[in-house]
Amino acid sequence: MKPYTTPSLKSFFMKLTQQCFGELGLRDREMVEYIALVLTTFSRTENLYCIRDSTGKRLDSIIEMLIELNSYFHEENRSSLLREMEIYQHIGDYTLFMTGMFKEYVEKLGLVDFYLFEGKKSYEKAADIRGRLYEAGVMMLKELSHHLEFYVGALHFMKRTYFAKSMINDPFEDFLKQLEDKIQQVI
């Protein structure tokens, strides 16, 4: 994940994630930092849809991302495996973020079970590739794979608790408007 971040936004999400997850009894610092990074990164729409195909077209659905992965399955060189891992991890992060922060929209589209299934599978595959490449983060991705519903629920709790409509300067307000417009185009 290559986030566009500002120190203040990153700090905001780190403190918020620590507080919220602490209330839920989750004190795994690595996981808190990772989820805060996902929130920071995806608070910018262009990062949510950062995966592109070989022609440079932005992929904005899980199905398109999975199709893009098919071009990497038969190759075993390091750069292909890194690209495959990047896409799998992005799919996992995308499903975590969308299902946790925008659960109502994912439900409206009837995609909750699909997102959870693909998110778990993607985190597991990203962890497996990380392990083969001797990259760090294998256990954290496996944890996300095995307990994705818990982390989705934690994010949804965070949204309901800390991002209420009455909150001033909600960092997701602009993103939510853009997402609503995009969903309306699909429906």
Exercise for the section: For the range 59-75, indicate whether the set of residues that are within 14 Å of the chain's Cα centre (by Cα), of a type in the set (Gly, Ala, Ser) and not in a helix (DSSP H, G or I) is non-empty. Expected result: yes
Practice task
Those residues that are outside any helix (DSSP H, G or I) and not aromatic (Phe, Trp, Tyr), I need them from the range 127-141; list them, please.
Solution key: LEU133, GLU135, ALA136, GLY137
Problem - Candidate set from the range 95-114 (those that are of a type in the set (Phe, Trp, Tyr) and assigned to a helix (DSSP H, G or I)); member that is farthest from LEU16 (Cα to Cα) - result: PHE114
Fill in the blank from the handout: Checked the range 88-126 for anything farther than 13 Å from SER145 by Cα, crowded, with 20+ Cβ neighbours inside 10 Å and among the hydrophobic types (A, V, I, L, M, F, W, C); matches are PHE97, MET98, MET101, PHE102, VAL106
Practice task
Exactly one condition in (1) modelled with pLDDT under 90; (2) under 20 Å from TYR151 (Cβ atoms) is not met by THR6; state its number.
Solution key: (2)
Exercise for the section: Filter the range 1-26 for residues that are surrounded by fewer than 16 Cβ atoms within 10 Å (Cβ to Cβ), part of a helix (DSSP H, G or I) and of a type in the set (S, T, N, Q) and give the result. Expected result: SER8, SER11, GLN19
Completion exercise
Filtering the range 127-141 down to residues that are surrounded by 14 or more Cβ atoms within 10 Å (Cβ to Cβ), without any contact (Cβ under 8 Å) to a residue 12 or more places away in the chain and over 18 Å from LEU37 (Cα atoms) yields ASP128, GLY131
Problem - Selected residue (only one of ARG78, ARG29 is of a type in the set (Lys, Arg), over 20 Å from GLY119 (Cβ atoms) and modelled with pLDDT under 85) - result: ARG78
Practice task
Please determine, by comparing only the residues of the range 27-58 that are in contact with a Leu (Cβ under 8 Å, 6 or more places away or on another chain) and in a loop (DSSP other than H, G, I, E, B), which one is surrounded by the fewest Cβ atoms within 10 Å (Cβ to Cβ).
Solution key: ASP53
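Residue-by-condition table, conditions (1) surrounded by 12 or more Cβ atoms within 10 Å (Cβ to Cβ); (2) farther than 29 Å from GLU86 by Cβ; (3) modelled with pLDDT of 95 or more:
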site: GLU143; (1), (2), (3): yes, no, yes
site: LEU148; (1), (2), (3): yes, no, yes
site: ALA154; (1), (2), (3): yes, no, yes
site: TYR162; (1), (2), (3): yes, yes, no
site: PHE172; (1), (2), (3): yes, no, no
site: LYS177; (1), (2), (3): no, no, no
site: LYS182; (1), (2), (3): yes, no, no
site: VAL186; (1), (2), (3): no, no, no
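The values are calculated or read from the model by the stated rules, or taken from the named source; none is laboratory data. Note that this is a predicted model, so its numbers are computed, not measured. Positions of Cβ are backbone-derived with ideal geometry, glycine not excepted, and every protein chain shown enters the neighbour counts.
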